Amino acid sequence: MPNRTSAQSDTPTPRLVQNFAAATQEDANRFRRGELANAEAFLDLIENHLSAANEASALALLVLHFERSDRLCTVLHEDYADESQTLIKQIILQTLREKDAFVFVSQIECWILLPQLSSEALALLAVNRLLNDLLTPKKFPGRTVFLNPSMGLACAKQPQHSAMSLLRAAESAQRNAQTGKLKFVLAESSESARTTPEDLSKALEQVLDANSLEILYQPKVNVASKTVVSFEALIRWPQEHPQFIATQVVIDIAEQSGLIELLTMRVFNKVLCEMADWRRAGLDTLVWVNLSAKLLNIDALPSMLKRAIDVWDIPAEKIGFELTESALIHDIEHTTNLLFGLKELGFHLSIDDFGTGYSSLAYLRRFPIDELKIDRLFIHSLMTSAQDQQIVQSIIDLAHNFKLQVVAEGVEEADTMGLLQKMGCDQIQGYFFAKPISGEFVHAVVKQIADDTNS
Ligand code: C2E
Ligand code: MG
Ligand code: MG
């Protein structure tokens, strides 16, 4: 649980003036994309949302401060500050919802507005997500940087708050976090404490009971032939639900609240049902499903999965499971047995997010795996970082030594794909070919990628 501090109500924040220009719709859109650096207009945007705040639609303001480990880098490389800000913006954009907004008020401070929260616990989960990403060391050509974030969060459910009082509360909480060497402090005046992540697990339970989680599919494409080899199933919180919860947060909640087994079986059955439809329509593709680390403790997992494929009459050879590298190293003996159990049934196995854990050749050799997926952290700056190129090349060589397929995830640009092809990577997955799409479009995507290749 975050530490608490009381909201400061003395002097106003000095760097702001009180007479705000009205935030226009265009301003709001630019704040959403992180393009506008105008603190006054941003406060006005907060004011607009505050006037509509109520029990069912709260808003939260997050003050995010960085103390970088790289002051020297800033002196040595003049582009550095811009590069790191671009990276932080990308992390924020990936984590936030469409309706959220943010502004950098200096090189080292950013304000994030989370409006229309049906539960304030959502703000805590957003903080969780952001912290996870920001605490991962960032790689720049020739150097690794630790961002050392500290955050303060203030929430409001009533219009009587002003933007300025909310900001003061969040800034004060952030300062307390920084001086207390904490990552995050929740302002005491916030009403967040009344709603908890338990509310979210209830919402998830309801969604699982109604079987309304949505599933999207993203293709893995053979680099040489540019044809679709398989699809990965990725869950999405139902669009029609009044709340919005990001995918990774859904998984976190499911893991923390003991719902992950139910979620996985719901997802798996939905995937199998869709695959049965595709097969009837002539598309006999392999589909990968993500398996959480928590499931590896369940001895009956292989038999549960086998029962499900038998019900839908889908051969095990048409199913693969992606497991993250970190999931595998907790109890290697047990994991090895479980993976062999799955392999013997005919399922394919892949190590997801490879390179971010503590990979060792010794255990890789022990696992009966078919594929390594290189984490997108290394792909993101592949074109510009010699260090990342070396890492990716060694992963590709390592995988080929073990006769494994290598997939690069998060490929967004043609030149990155070209380089990966030269480096010997077998498959790629990423927005360059296709974003995750709903099941009804998988045929069309297979055809479109084939047509693009032939034209
Ligand atoms: P993952 O398995 O590593 O999936 C890849 C993530 O990268 C997906 O995020 C995908 O939408 C995103 N992505 C794909 N291509 C690109 C690209 O070119 N650029 C960028 N920036 N991102 C790209 P998503 O769908 O939000 O899923 C996040 C994570 O949630 C997944 O990471 C996976 O670990 C987990 N997850 C999703 N569905 C399930 C599930 O059914 N069960 C479990 N246990 N975990 C799941
Ligand atoms: Mg995956
Ligand atoms: Mg991955």
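The values are calculated or read from the model by the stated rules, or taken from the named source; none is laboratory data. If you're wondering where the values come from, they're calculated on a predicted model, not measured in any experiment. Every residue, glycine among them, receives a Cβ derived from its backbone with ideal geometry; neighbour counts consider all protein chains shown. Accessible surface areas use protein heavy atoms only, side chains included; no ligands, DNA or RNA. Shrake-Rupley method; radii C 1.70, N 1.55, O 1.52, S 1.80 Å.
Is one or more of the residues making up region 227-249 in a loop (DSSP other than H, G, I, E, B), closer than 30 Å to Gly418 by Cβ and open to solvent by 40 Å² or more (accessible area, probe 1.4 Å)? Can you show your working first?
Going residue by residue through region 227-249, those that are in a loop (DSSP other than H, G, I, E, B) are 227, 237-246.
Filter once more, so that each one left must be closer than 30 Å to Gly418 by Cβ: 227.
Checking which are open to solvent by 40 Å² or more (accessible area, probe 1.4 Å) leaves us with 227.
Yes, some residue in region 227-249 is in a loop (DSSP other than H, G, I, E, B), closer than 30 Å to Gly418 by Cβ and open to solvent by 40 Å² or more (accessible area, probe 1.4 Å).
For Glu322, indicate whether it is within 28 Å of Ile253 (Cβ to Cβ), within 13 Å of ligand 3 (Cβ to nearest atom) and open to solvent by 10 Å² or more (accessible area, probe 1.4 Å). Walk me through how you get there before you give the answer.
Working: within 28 Å of Ile253 (Cβ to Cβ): yes; within 13 Å of ligand 3 (Cβ to nearest atom): yes; open to solvent by 10 Å² or more (accessible area, probe 1.4 Å): no.
Answer is no for this residue.
Of the numbered conditions (1) within 16 Å of ligand 1 (Cβ to nearest atom); (2) without any contact (Cβ under 8 Å) to a residue 24 or more places away in the chain, Met275 fails exactly one; give the number of that condition.
It fails just one condition, (2).
May I ask you to verify whether Glu412 is within 16 Å of ligand 2 (Cβ to nearest atom), out of contact with any Pro (no Cβ under 6 Å at 6 or more places or on another chain), modelled with pLDDT of 90 or more and acidic (Asp, Glu)?
On the way: within 16 Å of ligand 2 (Cβ to nearest atom): no; out of contact with any Pro (no Cβ under 6 Å at 6 or more places or on another chain): yes; modelled with pLDDT of 90 or more: yes; acidic (Asp, Glu): yes.
No; evaluated as a whole, the condition is false for this residue.
Report, by residue number, each residue of region 396-455 that is more than 26 Å from the chain's Cα centre (by Cα), under 27 Å from Trp237 (Cβ atoms) and among the aliphatic types (A, V, I, L, M).
Listed by number, the list holds a single entry, Ala444.
Those residues that are open to solvent by 40 Å² or more (accessible area, probe 1.4 Å) and away from ligand 3 (no atom under 16 Å from the Cβ), I need them from region 325-338; list them, please. Break it down into steps so the answer makes sense when it comes.
Initial filter on region 325-338 (open to solvent by 40 Å² or more (accessible area, probe 1.4 Å)): 326, 329-334, 337.
Passing the criteria: Ile329, His330, Asp331, Ile332, Glu333, His334, Asn337.
Taking the criterion of being within 16 Å of ligand 2 (Cβ to nearest atom) and either outside the structural domain of Thr86 (by TED's automatic domain parsing) or surrounded by 20 or more Cβ atoms within 10 Å (Cβ to Cβ) (or both), would at least one residue in region 381-389 satisfy it? Even if it seems obvious, please write down each step before you answer.
Step one: of region 381-389, the residues within 16 Å of ligand 2 (Cβ to nearest atom) are none.
No, the conditions are met nowhere in region 381-389.
If Leu134 meets every condition in (1) at pLDDT 80 or above; (2) open to solvent by 20 Å² or more (accessible area, probe 1.4 Å); (3) assigned to a helix (DSSP H, G or I); (4) in contact with a strand residue (DSSP E or B) (Cβ under 8 Å, 6 or more places away or on another chain) apart from one, which number is that one?
Every condition holds for Leu134 apart from (2).
Cβ-Cβ under 8 Å, sequence separation 6+ or interchain: first residue in region 98-113 and within 12 Å of Met151 (Cβ to Cβ) and without any contact (Cβ under 8 Å) to a residue 60 or more places away in the chain, partner open to solvent by less than 10 Å² (accessible area, probe 1.4 Å) and of a type in the set (D, E, K, R). Which pairs?
So the pair list comes out as Ile112/Asp100.
Please enumerate the residues belonging to region 274-305 that are buried (at least 18 other Cβ atoms within 10 Å of the Cβ) and over 24 Å from Ser438 (Cα atoms).
Leu295, Leu296, Leu301, Pro302
So, in region 92-107, exactly how many residues are assigned to a loop (DSSP other than H, G, I, E, B) and buried (at least 18 other Cβ atoms within 10 Å of the Cβ)? Even if it seems obvious, please write down each step before you answer.
Residues of region 92-107 that are assigned to a loop (DSSP other than H, G, I, E, B), as a first pass: 96-100, 107.
Among the residues that remain, those that are also buried (at least 18 other Cβ atoms within 10 Å of the Cβ) are: 96, 100.
The total comes to 2.
If you go through region 207-221 one residue at a time, do you hit one that is in contact with a His (Cβ under 9 Å, 6 or more places away or on another chain), in a strand (DSSP E or B), open to solvent by less than 60 Å² (accessible area, probe 1.4 Å) and within 15 Å of ligand 1 (Cβ to nearest atom)? Working first, answer last.
Within region 207-221, the first condition is being in contact with a His (Cβ under 9 Å, 6 or more places away or on another chain), and the residues that meet it are 207, 212.
With the extra rule that they be in a strand (DSSP E or B), the set shrinks to none.
Among the residues of region 207-221, not one is in contact with a His (Cβ under 9 Å, 6 or more places away or on another chain), in a strand (DSSP E or B), open to solvent by less than 60 Å² (accessible area, probe 1.4 Å) and within 15 Å of ligand 1 (Cβ to nearest atom), which makes the answer no.
Among the residues of region 180-208, how many are in contact with a helix residue (DSSP H, G or I) (Cβ under 9 Å, 6 or more places away or on another chain) and modelled with pLDDT of 90 or more?
4
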